[in-house]
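A quick write-up on the structure given underneath.
Bear in mind these aren't lab numbers, they're just calculated from the coordinates by the rules spelled out. Computed from a predicted model, the values in this text were never measured in an experiment. Cβ placement follows ideal geometry from the backbone for every residue including glycine, while neighbour counts extend to all protein chains displayed.
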Amino acid sequence: MTALEIVAIPAFADNYLWLAHDSDSGSTAVVDPGDGAAVLSAAEARGWTIDTILNTHWHPDHTGGNLMVKEATGATIYGPGAERARIPRLEVELAEGDTVRIGAHEAAVWAVPGHTLGHIAFVFEGLAFVGDTMFAMGCGRLFEGTPEQMHGSLQRIAALPEHTLLYAAHEYTLANARFAAHVLPDDAAIAERFARVAGQRERGEMTLPTTVERERATNPFVRATSVAEFARLRGLKDNFA
Ligand SMILES: [Zn+2]
């Protein structure tokens, strides 16, 4: 089985929409098509036809292109059943324990509430699409869920094998690194990653995907050992300039 080929499509100010292509079957999925036109042109440029649309949660920057991609390709739209009312034309309602496939590559659907209540992640062998749950050196805001839910979601993702690639939906790494260095100023691993990320962003490079190993080492939200500590950090970050 050939590995999935993953392509980042930058969109809006700081989103990444992800294409995942299986060359064995020719199947292509898009994860979180916030911008339908950008998704279709990226797929077309590679000669790929999207047959699967995967939504991690209902926010419009993740679902706004559902209808355009559906109309152009006839792809099937999958997403969290818990958010069905707010996801354009959701066809296959997913929940914890379900699976989805891209060719022969199968993903487990995980419920990872916190950013939204119905947020799901797609966990393949060796890689996961985590939406707005975990970011490189950070995590999503708690728009709907509780600190306890988000802490649990992050710990679950962080328990994946260390080399698992994590595809998050936003390029927030530099701001997250700045915050991490602020709350943990004496941490050498964070300082080193902050410097590396600053260089990457200066050169206009993408800082994703990240890995479970890197997040365990340098993500303060992942390193929080209690719900109370997680909640304290999240509160600080919400008010961090
Ligand atoms: Zn979101």
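Of everything in region 217-231, what is of a type outside the set (A, V, I, L, M), assigned to a helix (DSSP H, G or I) and crowded, with 21+ Cβ neighbours inside 10 Å? Give them in sequence order.
Residues satisfying the conditions are T218, P220, F221, F230.
Could you check region 35-57 and list, in sequence order, the residues that are within 16 Å of the ligand (Cβ to nearest atom) and either over 13 Å from the mean Cα position of the chain (by Cα) or surrounded by fewer than 21 Cβ atoms within 10 Å (Cβ to Cβ) (or both)?
Of everything in region 35-57, just one residue is within 16 Å of the ligand (Cβ to nearest atom) and either over 13 Å from the mean Cα position of the chain (by Cα) or surrounded by fewer than 21 Cβ atoms within 10 Å (Cβ to Cβ) (or both), namely D35.
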